[in-house]
There are 2 protein chains.
Amino acid sequence: MTAIKKPVVCFLGPVASYTHQATLDRFPEDKYELLPVVTIKDVFDTTQSGRATYGVVPFENSTNGSVVFTLDHFADRQGLYPDLSVCAEIYLDVHHSTPLALRQHRPPPAIFFPPSLLASATTPPRRANALRPPRTRPPQEPRSRPLVPLTRIERIYSHPQAFGQCTRFLSAYLKGVETVDVSSTSRAAELVRDDPSGTSAAISSAAAARLLRDQGVEVLAHNIEDREDNTTRFFVLRADSRAPGPDDLLLDDGSSPEQQPRDQQKTKSLLSFTVPHTAPGALADVLSCFRAAGLNLTSIASRPSLEAPFQYVFFVEFEGHLSADPEGKVARVLEQVKQVAQGSRWLGSWVNQRR
Amino acid sequence: MTAIKKPVVCFLGPVASYTHQATLDRFPEDKYELLPVVTIKDVFDTTQSGRATYGVVPFENSTNGSVVFTLDHFADRQGLYPDLSVCAEIYLDVHHSTPLALRQHRPPPAIFFPPSLLASATTPPRRANALRPPRTRPPQEPRSRPLVPLTRIERIYSHPQAFGQCTRFLSAYLKGVETVDVSSTSRAAELVRDDPSGTSAAISSAAAARLLRDQGVEVLAHNIEDREDNTTRFFVLRADSRAPGPDDLLLDDGSSPEQQPRDQQKTKSLLSFTVPHTAPGALADVLSCFRAAGLNLTSIASRPSLEAPFQYVFFVEFEGHLSADPEGKVARVLEQVKQVAQGSRWLGSWVNQRR
């Protein structure tokens with residue numbers, strides 16, 4: 001890294017995506033060159049290859065759970081990412097920059113159904129064979145209402161995660177409307193801009209809406225996510241462990257903070273492991289290593305190993321930091337896990353940013 | 001239940017869905033009335049209300065992991081399903097009845113691009129800002145090839161799980177083509193039949209393809225799933241614990257097999273629990289209960305609790321059966337979990353069907 005060239009930070013694009021906002025939060029543009037890439041795989045590839053010093057990927061959302069595409073790349077079943085590890089986490093509160101439904105501003109002649117027709121107009125066709133049982137309780141109300149009637153909308157573009165965060169609004173106002181998965185919420189907004197029929201909508205961020213305001217995109221509803229406390233957590237990846245993490249840069253004294261002992265509860269680590277398919281007891285054996293070491297497990301996730309059906313790659317997050325660890329607890333637990341797991345891999349340690 | 005009326009078994013429809021095939025596997029139509037419903041929620045609602053004695057839902061796929069919609073209903077955050085529990089599991093091997101790409105048989109004039117144009121014709125537009133890094137290794141080959149060129153296809157309908165099971169084929173032959181999530185693979189096939197443009201395809205089962213063969217639907221490719229050992233596991237739900245499970249009916253001596261002691265390793269149970277958000281150590285405490293009781297954990301999954309951000313509902317499966325348990329190990333471990341978890345719920349015990 002020279003004084004002239006800024007370190008490159010790649011992120012899941014396009015510009016104005018939620019990952020972009022999270023990246024800007026920790027990597028200011030005067031110090032870093034920000035590079036949007038198309039897929040989560042591209043973030044892993046670009047960072048592993050050294051074309052970017054850091055890569056930013058979404059890891060989990062408080063409403064919708066794990067981002068399985070990210071977990072699948074951490075599983076690294078083909079050994080493509082031997083050098084990558086997590087060096088920081090970023091929380092992005094999506095309460096203030098909430099998802100929005102968008103519509104193109106050049107609409108064709110619209111037919112607005114009277115309210116009595118609305119229900120049948122938005123009921124999906126061809127369900128004659130199927131039974132929908134009576135509701136035992138009223139459904140949970142969405143947090144917001146549309147600014148205009150949505151009867152014209154025939155199709156909604158968004159990222160699968162965003163659909164999962166807005167189920168109440170969709171169920172209340174857009175029931176039966178076709179949903180189309182696209183690679184990002186910003187891309188969804190662009191597709192709406194490019195559809196001349198005016199019958200498409202998107203779920204995207206306020207930032208993406210602002211970018212397209214002059215190109216005919218109109219906001220149909222604000223704050224449509226199910227929960228006020230809708231938060232996404234992102235991970236910062238690096239391939240070169242000597243590259244200082246973004247948290248390190250926040251320190252004033254110029255020392256390398258990863259060498260300093262930290263309060264164990266203020267740091268976290270990520271580990272993946274597999275257990276022998278024929279010895280299910282090994283899962284409890286691995287987990288008990290953490291208890292024996294006095295390291296708190298904070299979460300567990302799993303994905304298919306794809307080595308044998310219903311064998312899993314497990315991901316555990318726990319309190320503690322591999323290098324800032326005066327008692328050597330983390331190194332010791334990683335060694336113990338190796339004894340009982342079929343395979344295991346430390347995937348990074350970072351400073352806990354949880355509020 | 002009278003001798004005249006057959007017990008009703010509802011399942012995630014429509015007719016010819018994978019869940020339908022799994023249901024037929026264990027609930028023959030001469031003994032049961034099979035009832036397709038539209039959503040996973042409908043299966044839970046219909047079974048809880050007593051309108052069906054049993055309900056069949058997909059739980060996990062060996063390639064694509066947990067079915068999060070099913071986990072979310074087991075989490076039962078609103079207490080809608082107090083009486084439901086799992087009484088049996090069904091494995092459906094989807095190797096022989098593999099997903100198929102379908103096309104309508106009344107095509108408009110088709111333009112077949114020469115191979116040199118294919119790449120650009122199927123590359124998604126508007127990615128000028130984004131960088132796709134060079135591949136470090138060749139991608140994994142799909143298991144099959146299309147029977148005809150797929151250049152005409154502009155849109156693919158399927159269930160999200162099916163898209164996740166066919167990533168190699170999609171990436172090799174349908175890169176950049178719009179994917180549309182629909183409620184089932186059978187529904188996807190119907191949408192293709194109903195599209196007069198002939199530019200739509202679906203990923204669905206051989207059974208669904210056969211049903212629509214006379215209505216102009218043509219198979220474009222066979223066996224397009226990523227893995228030969230692609231298997232889905234289904235759960236059978238019941239609200240009335242006195243209703244005999246389908247496994248019980250297989251016994252010849254007429255006794256109630258749930259009262260008989262079984263080999264612990266031949267049965268499994270499902271438990272959900274939450275831990276206090278402020279005491280992450282409780283997760284390890286709960287898991288160590290199983291180790292202390294000598295009950296093997298076979299899998300762990302988690303979903304957001306939606307009580308507080310990044311608090312989870314954990315699901316553990318373990319060997320053992322609540323009622324067929326001479327030593328009372330399972331009842332004891334459930335009691336111990338109650339002491340350390342914030343909340344917990346036994347979600348069923350059944351005979352292991354794993355081959």
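The values are calculated or read from the model by the stated rules, or taken from the named source; none is laboratory data. Note that this is a predicted model, so its numbers are computed, not measured. Heads up, the Cβs are rebuilt from the backbone with ideal geometry, glycines too, and the neighbour counts pull from every protein chain shown. Side chains are part of the model used for accessible areas, which takes the heavy atoms of the whole protein and leaves out ligands, DNA and RNA. Shrake-Rupley method; radii C 1.70, N 1.55, O 1.52, S 1.80 Å.
How big is the C-alpha Rg of segment A:255-355 next to the rule-of-thumb value 2.2 N^0.38 Å, as a ratio?
Scaled against compact globular proteins, the figure is 1.11.
Can you tell me which lysines have their Cα less than 21 Å from the Cα of A:Lys31? Leave out same-chain residues fewer than eight positions away.
List returned: A:Lys5, A:Lys6.
Among the lysines, which have Cα under 30 Å from the Cα of A:Lys329 when same-chain residues fewer than 8 positions away are ignored?
Straight-line reach from A:Lys329, under 30 Å: A:Lys266, A:Lys268, A:Lys338, B:Lys338.
Using a probe of 1.4 angstrom, how much of the accessible area of segment A:255-355 is carbon and sulfur, in percent?
Roughly 48 percent, rounded to a whole number.
Amide H neighbours of B:Leu347 under 5 Å, at least 5 residues apart or on other chains, H built in the peptide plane: list them.
Amide H neighbours of B:Leu347, under 5 Å, 5+ apart: B:Leu270, B:Leu271, B:Ser272.
What accessible area per residue, rounded to a whole number of Å², is obtained for segment A:41-93 using a probe radius of 1.4 Å?
26
With only Lys, Arg, Asp and Glu charged, each at its Cβ (+1 for the first two, -1 for the last two), find how big the charge dipole of segment B:257-355 is about the Cα centre; round to the nearest 20 debye.
With Lys and Arg at +1 and Asp and Glu at -1, about 220 debye.
Chains B and A: what accessible area do they bury, summed, in square angstrom to the nearest 100, with a 1.4 Å probe?
6400
Give me the lysines in straight-line cross-link reach of B:Lys175: C-alpha distance below 26 Å, same-chain residues under 8 apart excluded.
Answer for B:Lys175, where 26 Å is the Cα cut-off: A:Lys41, listed by chain and number.
With a Förster radius of 30 Å, plug the Cβ-Cβ distance of A:Glu307 and A:Val219 into 1/(1 + (r/R0)^6) and report the FRET value to the nearest 0.05.
0.05
Name the residue from B:Gln311, B:Ser272, B:Ile300 whose Cα lies farthest towards the positive end of the charge dipole of segment B:257-355, charges +1 on Cβ of Lys and Arg and -1 on Cβ of Asp and Glu.
B:Ile300
Which residues of segment B:29-43 bury at least 40 Å² of accessible area once all protein chains are present, versus their chain alone (1.4 Å probe)?
Buried-area filter returns B:Pro36, B:Val38, B:Asp42.
With the other protein chains left in place, how much accessible area per residue, in square angstrom, belongs to segment B:257-355 at a 1.4 angstrom probe?
The answer is 40 Å² per residue.
Can you sort B:Arg345, B:Arg233 by solvent-accessible area, 1.4 Å probe, largest first?
From most accessible down to least: B:Arg345, B:Arg233.
In peptide A:46-52, what is the residue-averaged number of other protein chain Cβ atoms found within 10 Å of each Cβ?
Per residue, the number of nearby Cβ atoms from other chains is 2 on average.
For peptide B:302-314, compute the average count of partner chain beta-carbon atoms within 10 Å of each residue's beta-carbon.
Average per residue, whole number: 5.
Could you report the accessible area of B:Tyr91 in Å², rounded to 10, computed with a 1.4 Å probe on the protein chains as they sit in the structure?
20
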